[in-house]
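For reference, the structure is listed below as structure tokens.
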Amino acid sequence: MSVDKAELCGSLLTWLQTFHVPPPCTSPQELSSGLAVAYVLNQIDPSWFNEAWLQGISDDPGPNRRLKVNNLKTILQSLVEYSQDVLGHPILEQHLPDVSLIGEFSDPEELGKLLQLVLGCAISCEKKQEHIQRIMTLEESVQHVVMEAIQELMTKDTSDSLSPETYGNFDSQVRGGDLLRLVCMPCPQLVLLSEEKQSLVQENEVLRERVGRSEGEGAAGLTSKKLLLLQSQLEQLQEENFRLESGREDERVRCAELEREVAELQQRNQELTSLAQEAQALKDEMDELRQSSERAGQLEATLSSCRRRLGELRELRRQVRQLEERNAGHAERTRQLEEELRRAGSLRAQLEAQRLQVQELQGQRQEEAMKAEKWLFECRNLEEKYELVSKEKERLLAERDSLREANEELRCAQLQPRGLSQADPSLDPTSPAVENLAAEILPAELRETLLQLQLENKRLCQQEAADRERQEELQRHLEEANRARHGLEMQHWLNQQQLSELRAQVEDLQKALQEQGGKTEDVSSTLLKRKLEEHLQKLHEADLELQRKREYIEELEPPADSSTARRVEELQHNLQKKDADLRAMEERYRRYVDKARTVIQTLEPKQRPPGGAPPELHTLRTQLRERDVRIRHLEMDFEKSRSQREQEEKLLISAWYNMGMALQQRAGKEGAPAHAQSFLAQQRLATNARRGPLGRLAPLNMRPTDKH
């Protein structure tokens, strides 16, 4: 009976999973390391496959084929020793798997052989009943395959035991243990039968006593039947006992023969074990020789790579010389830039001091100008008040003359009533009669005129009071408007002064930048000059646009901001590019030095003294340190120049903004009419124009009041 090893491997994997070991055991690849099989053997017999034995198994061999094969060899050797020493029967050679195929390819057939040996140990150990019960819990198909594997082991062992010609082969080492197991298997049945026989004998004696007692009591019929039945059973048991005793003797003789065969087989097994150890030693030696040949091939490849690296080292030395020359040029360029930077720093300090001084003087001048304008405004107000008082005086003089004329007319009209009062004292003008008489003497038209004049006088007095209040309120509003307009004119004048100063500063900056551009040929200075030209062109365009449309400078700020952002992005991009170049150069230097060190150590391991390094390596290290120092200096200089450029750009932008404001205000000023008068002059003219009609109406308003 032959079992398919691939199918056997799958079924035994299912059986192996019932042990619940920590390592996974779901596929042949997971069992190829041997770790899961070792844990299963530890559960089968912990006394033999103990913890010390488990520590000899590699925990995680990974993809290392050699470690896997070593683990499987250890497990197979322990299985062989366990079967021979503990179970008492050696393993046939045809049952031994090829651990190399298992460790390298996870061969299911060879793995099935290994698991079949583990199954044989499980059903033959002290806990075999537990393992048999565990097999019975599996599926029927798995149970069938497992039972066929067990029968295959037992059948081959039995057939080998019946052929004494195979004693000289290594396969016959399992036959003695199998026969011993077959001899020992009926022994428990004999013990059970002997115990049953003793119980039946005791029961027979008890029944005989009962029979004797029952005969004495007179129940002979029933007892005799039972006695006959028991006698027949006793005879059968005696025959069975005799048959078993004869079989026992035969088995004892057979057992003695098997013991002799076992001793011979053990001796043969020892000889074969020594041969197997020698074969294993030869196999290990072959593995070592194979590894030595592989190592020789690797050394040859290393030698060829070292030769190739030597050529690369020569190329690296040439590149190092070129880089040194370039670094010297960069150092000279850096020195020139440092000198220019120092000159620019001194000029910047002087410019800053002058700017602060100009700001202080501007503040003082603004304060003095504000004070002068304030006194000028007060003086103008006083002059206006003086003019108003003079005009009021003239008006009062004219009104006085008119009142004198009216008084003379009234006196002439009153002459006649006075003459009558002198002729007759009873005709006193103060008396009611005299008044009535005077009223009668006066013409009717004159009386109507007087009444109308009185009514008109009252109305004009009321209108004059209301007009005076309104005039005072308008005068207050006018003074407030004059003050606000005066402040705006003053602020406008100060802004014009400031714009003229800023224009002068921009011109100075342009001259300084032109001088600096003539002294240096740096790319950044060229870009700044180009940027300045662009700003001047944009400023000219903005001036033309402001003259046409008179718009505010805020509409021109976004282009300046966008150009500044583009400039900042360009500078940042250049900085990142230089940083990347420096990092690449540093990485290339480090890689070249590592290659040189590796080549030197490989080619001259014995000629070099143990405590010292080759002079070429020292030279490379010194050059590397010098290059690092130069790179750091270049980075610092670049940061300084970048900050300087940013400040110069800010100054240019602010100057351009101020210049645009000045041009806008100048354009607005030029757009006004040339013959236009100042704000205060226009207000004075308007005030005089409003006061003219009021001055003409004042005498008319005052006459009725005096008459009244």
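What the table below lists for this structure:
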| quantity | calculated |
| --- | --- |
| Order of ASP637, ASP508 - criterion: other Cβ atoms within 10 Å of each residue's Cβ, fewest first | ASP508, ASP637 |
| Cut-off 13 Å (backbone N to label point 7 Å along Cα→Cβ of ARG588), residues of region 276-309 | none |
| Extended-chain gain in nm, criterion 0.36 nm per residue less alpha-carbon gap, ASN407 and ARG134 | 82.9 nm |
| Cross-link pairs LYS511/LYS577; LYS371/LYS393; LYS511/LYS650 - those with Cα-Cα distance over 24 Å | LYS511/LYS577; LYS371/LYS393 |
| Packing-based ranking, highest mean first, of 139-151, 649-661 given that Cβ atoms within 10 Å are counted | 649-661, 139-151 |
| Where labels lie 7 Å past Cα in the beta-carbon direction, separation of GLU259 and LYS371 in nm | 14.1 nm |
| Gained length - GLU324 relative to SER390, 0.36 nm times residue gap less alpha-carbon distance | 14.2 nm |
| Cα lying deepest toward the dipole's positive end in region 252-310, options LEU258, GLN280, GLY297, charges on Cβ | GLY297 |
| Out-of-range pairs (alpha-carbon distance over 22 Å; input LYS385/LYS669; LYS197/LYS226; LYS578/LYS640; LYS5/LYS73) | LYS385/LYS669 |
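The numbers here are math on the coordinates, done by the rules we state, and not lab data. Note that this is a predicted model, so its numbers are computed, not measured. Backbone-built Cβ (ideal geometry, glycine too); neighbour counts: all protein chains shown.
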